[in-house]
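Take a look at the structure set out below.
Only the coordinates and a few stated rules stand behind these numbers; no lab work does. All of these numbers come straight from a predicted model, not from anything done at the bench. Using ideal geometry, Cβ is built from the backbone for each residue, glycine included, and neighbour counts are taken over all protein chains shown.
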Amino acid sequence: MKAIIIGCGRVGAGLAQILGQAGHQLTVVDSDPAAFERLGATFTGDTIAGIGFDQEVLLRAGIARADALAAVTASDEANLITARLARQIFRVPRVAARVYEPRKAEIYQRLGIQTISPVAIGVRRLADLLSHAPLDSSASLGDGRIDLVDVEIPHLFAGRGVAELAVPGEFQVVAITRGGRTFLPLMGAIFQAGDTAHVAVRSASAEQLKAMLGW
């Protein structure tokens, strides 16, 4: 995959390191050449000093051949302008923008631009932690409204169908770990004692899940 990262702050540099380690072809753009020092000596991609929403800069970065672009500068406006250019002018298949203001994120999601709002995700997560006894969350998905939680199956569910631990639109089992092996359960699968269920659950439905588990 050829990816362009606009912004080489902590997020941009960290993203570049992860994607670089995975073997992807990267170009990182930042208006401050000194920012590229965050990439470290092992970074093997390209760097371009320039404004991320400058079309000439984007063309130099290879946007015409890019498979993905992430706009993660400190400016919401710059990120969203860059994301719109990438999506609507250059037709980059996968485009994402970091947006601090949640209301802006919602507007641009309606325009088809994937956005990540650290403020919105953090607020929802903190509210959940303060309002509910925590489940063992292994990941937050998308905009933070869905958590992936690991649940040790209680004895009362042993021998019962996996489909019984589900409420449509609220939570459902997506995988099971049994005896050190993780697998996707087939229709009609039965829980066994000692199973760990990996459940996708809406943050607002955590209490409902715990109630069903008898916690």
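Here are the numbers for the structure shown:
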| quantity | calculated |
| --- | --- |
| Which of THR27, THR82, THR42 has the fewest Cβ neighbours within 10 Å, and the rest in rising order | THR42, THR27, THR82 |
| Sequence-separation-based contact order of the stretch 2-118, relative, with Cα cut under 8 Å and 6+ spacing, percent | 23 percent |
| Two-site label geometry, LEU141 and GLN17: point separation in nm, points 7 Å out along Cα→Cβ | 2.8 nm |
| Fewest-first ranking of VAL99, VAL92, VAL149, using other Cβ atoms within 10 Å as the exposure measure | VAL149, VAL92, VAL99 |
| Förster-model FRET efficiency, 41 Å R0, HIS155 and ALA204, C-beta, rounded to 0.05 | 0.90 |
| Shape metrics for the stretch 127-213, restricted to C-alpha atoms - Rg then Dmax, Å | 12.4, 36 |
| Antiparallel DSSP beta bridges within the chain, as percent of all bridges there, nearest 5 | 55 percent |
| Quarter of Cα convex hull surface for the stretch 2-118, i.e. mean projection, nm² | 6.3 nm² |
| Fluctuation leader among GLY40, GLY20, GLY12 - the chain, Gaussian network, Cα springs under 10 angstrom | GLY40 |
| Size-normalised alpha-carbon gyration radius of the chain, reference 2.2 N^0.38 Å | 1.24 |
